[in-house]
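Let me begin by presenting the structure, written as structure tokens, before commenting on it.
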Amino acid sequence: MLDVAIIDDEPLALKYLDLLLHKIDGVHVTGKYMDPDDLINHVQTEHIDAVFIDIHMPAMKGTDLAEQLLNINSSLHIGFVTAYDDYAIKAFELNAVDYILKPVKQERLAITIKRITERKVAEQESTPENRTTVIKDLGALQIYQGNKRIDVKWRTSKAKELFAYFIHNHEDTIRKSELIDLLWNNLPWEKANAQLYTTVYQIRKVMQQIDNPVKIISQKEFYQIDIDYDVQIQSREFKLAAYDLLKRENVNVEHYFKVLDVYQDEYFAGLDYLWAVNERKILRDLWLELIIRLSAYLHRYEKSSSYNMSRLKDLTDFDAEAVEIVKEKSWI
């Protein structure tokens with residue numbers, strides 16, 4: 001999927017370019033703007049592969065805007081669209097992918113998209129594999145490296161739960177006695193302590209086998225999990241993003257959908273961990289509050305049959321309460 005943003009100071013031209021792009025498979029228009037500052041903010045906060053810019057705009061020349069955007073994201077692909085042809089040299093000095101004259105033709109635009117896609121593929125092949133580790137805990141517990149799900153074989157259910165508990169408490173040190181009370185309170189202390197030691201060893205071996213940068217550090221009577229900067233915990237990312245959205249007065253529809261898409265099910269879904277119940281409720285309440293606010297916004301500004309309402313229904317169809325919230329706002 002190619003994420004594309006567009007800008008033009010003429011509303012009709014902007015709408016027309018958006019229409020043409022929506023007809024091309026594999027293209028997702030993330031935003032369309034008339035104000036350069038709005039586009040700059042969009043590129044700063046969202047993942048964008050390419051931007052189509054009208055060169056001749058009153059607020060800022062398209063070439064100047066392109067320079068600012070490339071300073072923010074040097075891998076951004078720039079396509080210029082204009083009724084004038086005297087900016088071509090400057091455009092290609094900025095390493096623009098293409099330069100399209102108005103009125104834009106569907107076939108010509110498709111060629112530009114093909115060029116951008118080819119550049120993107122070439123860049124991905126020439127750069128090292130994305131090694132970012134994502135621990136997914138909204139839904140089934142899974143570990144991803146880059147876009148690849150790692151097949152983790154836990155020796156025991158206790159090993160899996162202990163790993164989940166470490167992730168749950170990733171910001172804290174944890175007493176060993178707390179872990180024994182949690183998982184082996186039915187055993188004599190010496191045997192329980194041996195079980196804890198063995199289970200921690202099993203987790204460490206699993207992390208080594210899958211080349212995962214998550215480490216368990218032992219400090220006398222405590223354990224602490226050590227997570228590198230390139231490890232993301234799904235629930236933490238969701239919570240921070242949700243709080244950020246809810247403290248804002250305005251509703252940015254795409255920002256809401258991006259955050260809602262992270263919540264794929266309840267916290268550690270399918271795992272009956274009593275210690276997870278409180279956090280599960282906190283995260284679900286945040287998710288429902290986002291749905292309530294987005295539903296109310298769409299109810300006010302869009303039709304019940306709109307594309308965004310359909311997207312919201314698809315994102316919430318696994319939860320009965322969320323389905324009812326969306327249905328209530330669909331004013332059927």
Can you name the residue in region 226-245 that is of a type outside the set (F, W, Y) and in contact with a strand residue (DSSP E or B) (Cβ under 7 Å, 6 or more places away or on another chain) and, of all such residues, is surrounded by the most Cβ atoms within 10 Å (Cβ to Cβ)? S235
Could you check how many residues of region 145-155 are open to solvent by 50 Å² or more (accessible area, probe 1.4 Å) and of a type outside the set (D, E)? 6
Which ones in region 206-225 are surrounded by fewer than 12 Cβ atoms within 10 Å (Cβ to Cβ) and either among the charged types (D, E, K, R) or touching a Leu at 6+ places or on another chain (Cβ under 7 Å) (or both)? D211, K220, E221
Tally of residues being of a type in the set (D, E, K, R) and open to solvent by less than 20 Å² (accessible area, probe 1.4 Å) across region 44-61: 2
Can you tell me which residues in region 246-285 are basic (K, R), surrounded by 12 or more Cβ atoms within 10 Å (Cβ to Cβ) and closer than 27 Å to H28 by Cβ? K258
Which residue pairs have Cβ atoms closer than 6 Å, lie 6 or more positions apart in sequence or on different chains, and pair a first residue in region 202-220 that is in contact (Cβ under 8 Å) with a residue 60 or more places away in the chain and assigned to a helix (DSSP H, G or I) with a second residue that is β-branched (V, I, T) and surrounded by 11 or more Cβ atoms within 10 Å (Cβ to Cβ)? none
Selection count where residues are open to solvent by 20 Å² or more (accessible area, probe 1.4 Å), farther than 26 Å from D230 by Cα, of a type outside the set (S, T, Y) and in a loop (DSSP other than H, G, I, E, B), scope region 156-190: 4
For region 99-109, give me each residue that is within 31 Å of the chain's Cα centre (by Cα) and surrounded by fewer than 16 Cβ atoms within 10 Å (Cβ to Cβ). Q106
Tell me which residues, restricted to region 220-265, are at positive phi and among the aliphatic types (A, V, I, L, M). none
Search result, residues across region 1-40 that are part of a helix (DSSP H, G or I) and either exposed (fewer than 15 other Cβ atoms within 10 Å of the Cβ) or on the phi > 0 side of the Ramachandran plot (or both): P11, L12, K15, L19, H22, D37, D38
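The values are calculated or read from the model by the stated rules, or taken from the named source; none is laboratory data. Values in this document were obtained by computation on a predicted structure and should not be read as measured data. FYI the Cβ positions are ideal-geometry reconstructions off the backbone, even for glycines, and counts take in every protein chain you see. Only protein heavy atoms, including side chains, enter the accessible area calculation; ligands, DNA and RNA are left aside. Shrake-Rupley method; radii C 1.70, N 1.55, O 1.52, S 1.80 Å.
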